[in-house]
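Data first, discussion second: the structure below is written as structure tokens.
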Amino acid sequence: MDDAKIMDDSGGGTRAAILASARSAFLVGGFSGVSMRAIATSAGVTTGAIYGYFPSKEALFDAVVGPAGDGLFALHLAALREFSARPAGGRSFDAMWEFELEKRSQMMDFIYDHLDDFRIISEGSTGTRWERYLDKFVEVEVSSTFEYERDTLEVDGHPSDVERVLVEVLTGLFFKGVFDLLSRDLSRTEAQRFIARYGRFFHDGMRMLMERTAAGT
């Protein structure tokens, strides 16, 4: 196949074929278990043609999972900012729960709209920057938690080392549990029921911890 003709593919068909083949391959073998040659063969192009579109295997991996991965994080960040911008009366724990219930349902729908991509991130991203994907969710969620304590609960001072570690560990467990769900073969409806009950468990636990912190106990 003529690589020059491939690069002139203005309709994007070749690039789309490469991405589709890469997605299928990464879903089965993960990043480390797939070669560019195998992807090229599956897509019906030369290896050189793939490198014409993607300078490395990691760049190809980014192109496969990036839109979904970045999209989910953007949704989460937007939700945190939206809640933070509410007037004080709209930031009670009860209001927070109703807000979380709605936003987590939306995020679960987004995950199921791009289920293969998130399974790749969860199970096949070792060796790429995506293997630390959940870290940024934890980072912004922890920051939001302490901001809530300071601005809404009027907790003075900085969190203790023990409190910070506790919040970081619990927050990490929450997001890890969400992604563990991807290997369980639940339907979208079952996943929505899961996130509602799972979210309630963590909401009530964090509420108790923050109320005790605010009370100085």
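The values are calculated or read from the model by the stated rules, or taken from the named source; none is laboratory data. Predicted model only: the values in this text are computed from it and were never measured. Positions of Cβ are generated from backbone atoms using ideal geometry, with glycine treated the same way; all protein chains shown enter the neighbour counts.
What to note about this one:
- Which listed residue is at negative phi, surrounded by fewer than 18 Cβ atoms within 10 Å (Cβ to Cβ) and assigned to a helix (DSSP H, G or I), from Leu77, Leu72: Leu77
- As for region 21-29, it holds no residue that is farther than 30 Å from Val178 by Cα, part of a helix (DSSP H, G or I) and polar (S, T, N, Q).
- Among the residues making up region 133-158, those that are among the hydrophobic types (A, V, I, L, M, F, W, C) and modelled with pLDDT of 90 or more are Leu134, Phe137, Val138, Val140, Val142, Phe146.
- Of Ala191, Ala196, all but one fail to be surrounded by fewer than 16 Cβ atoms within 10 Å (Cβ to Cβ), in contact (Cβ under 8 Å) with a residue 40 or more places away in the chain and of a type in the set (A, V, I, L, M, F, W, C); the exception is Ala196.
- Of the candidates Ala43, Ala63, Ala59, the single residue that is modelled with pLDDT of 95 or more, of a type in the set (A, V, I, L, M, F, W, C) and surrounded by fewer than 15 Cβ atoms within 10 Å (Cβ to Cβ) is Ala59.
- Single residue of region 171-186 satisfying the filter (closer than 11 Å to Leu115 by Cβ and without any contact (Cβ under 8 Å) to a residue 24 or more places away in the chain) that is surrounded by the most Cβ atoms within 10 Å (Cβ to Cβ): Leu181
- The residues of region 186-217 that are at pLDDT below 90 and either out of contact with any Pro (no Cβ under 9 Å at 6 or more places or on another chain) or over 30 Å from Asp156 (Cβ atoms) (or both), listed by number, are Leu209, Met210, Glu211, Arg212, Ala214, Ala215, Gly216, Thr217.
- Enumeration of residues in region 199-210 that are over 25 Å from Phe110 (Cα atoms) and without any contact (Cβ under 8 Å) to a residue 24 or more places away in the chain: Met208
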